[in-house]
1. Compute the acute angle (0 to 90°) between the alpha-carbon long axis of helix 26-43 and the principal axis of greatest extent of the alpha-carbon atoms of the chain; round to the nearest 10°.
2. Lys202 to Ile73: FRET efficiency via 1/(1 + (r/R0)^6), r the Cβ-Cβ distance, R0 45 Å, to the nearest 0.05?
3. Cα-based Rg of the chain per 2.2 N^0.38 Å, rounded to two decimals?
4. I want to verify a result. In a Gaussian network model of the chain, Cα cutoff 10 Å, which of these has the top mean-square fluctuation: Gly190, Gly262, Gly97?
5. Once Lys and Arg get +1 and Asp and Glu get -1 on their Cβ, which of Pro255, Ser43, Tyr98 lies farthest toward the positive end of the dipole of the chain?
6. Return one number: the angle in degrees, 0 to 90 and rounded to the nearest 10, between the long axis of the Cα atoms of helix 208-224 and the longest principal axis of the Cα atoms of the chain.
7. Return the subset of Lys24/Lys53; Lys65/Lys276; Lys16/Lys60; Lys11/Lys237 for which the Cα-Cα distance in this structure is over 32 Å, preserving the input order.
8. Under 10 Å, Cα contacts only: if you run a Gaussian network model on the chain, which one of Asp90, Asp165, Asp230 comes out with the highest mean-square fluctuation?
Amino acid sequence: MTINIQNIKIKQEYYKWLQEVKGKNPATIDKIESALTKYEEYSNYEEFAKFSKEKALSYKAWLKKSSYRDKPIQISTYCHYLKMLKNFYDWLLMQPGYKSKLSGNDIAYLNTADSESKVSQQGRLKKNPSLEYILRLTASIKGNSEVEMRDRALIAFTVLTGMRDSAIASLPVGCVDLEELEVYQDPKEGVKTKFSKQIFSKIFNFEPALLKYVTDWVEFLKEKGFKNDDPVFPRSKSLSKGNDLCFEKSDEVEPVFWTGSGRIRNIFKNRAKDAKMEYYNPHSFRKLTAHLALEKCVNGEEMAAVSQHFGHEHVATTIGSYVNFNSFKLSQVLKKIDKRKKNE
């Protein structure tokens, strides 16, 4: 790979600006980095200052024919890559040493056609888990060990709260109120919420069996001696095999937080595999929670409360982001509306 030191330096400045000034999280910056790397791949890592409208048009044609994760690039990815690259060049246009070399008119050629933007904004109807699926999956985990109890409670907690996996992985015991069935996602207590928002959430009682898995687990941790600043979902205890460099996981847990949310996704995947069931990622459980909660709302005030539960400022965000029915659910809802209309 060709190395361009000047490009590396200016990219690092941009990433720092995004983090410190714009408040972007590492995951978002990683996506932006991928977009810039894609352009450098096209340009053979030449200096960013050599940009022109001809390069913009050529890159757009090249990008449409490229691949993403070994598959033809989708229009949504195409539009996102161009948007991220244009945002970078808009910033670069204001930087010393680049102002005289770049043209705002040339950068504007990175815009996408209206039709492409509209297609990219249309979310695909994805298949999400059902409450029946959750009940079957959790029932398949017998709870004969601490790890099994933890995994079963983790799956139940995810659907009863709709919390993001990063927040769940960093959630301390003291932020869970079993008496009121509430969760206070407080970044000051180390909870990793999106944009470091303080979020007040409810543990919904969609299904008594699921709620019992959660309450039994938290009470067990307290009996085990876990303190308020210990994790609700701790890692498995590591046991030495007689060699300081060799460890194996036990069936017990220890009061240590996971270093990230990757372990949660692995638990969901492995438990689904063990139960010979389809795998759904943790974020799809969040969408199910939104469906179940909004379905019980009878007025705008309750919908607004659900929206705040998810950390959203507007109800439209919750509905637009999470109420995206799969074909079966869509058909059910539409039939219900049609039937109600006929009975009026």
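1. 30
2. 0.65
3. Values: Rg = 24.0 Å, N = 344, 2.2 N^0.38 = 20.2 Å.
The chain yields a ratio of 1.19.
4. With Cα springs under 10 Å in the chain, the top fluctuation among Gly190, Gly262, Gly97 is at Gly97.
5. Most positive-ward Cα: Ser43.
6. Approximately 80 degrees, to the nearest ten.
7. Distance filter (> 32 Å) returns Lys65/Lys276; Lys11/Lys237.
8. For the chain, modelled as a Gaussian network with Cα springs under 10 Å, the answer is Asp90.
No lab work stands behind these numbers, since they all come straight from the coordinates. None of these values were measured; they are calculated from a predicted model. Note: ideal-geometry Cβ built from the backbone for every residue, glycine included; neighbour counts use all protein chains shown.
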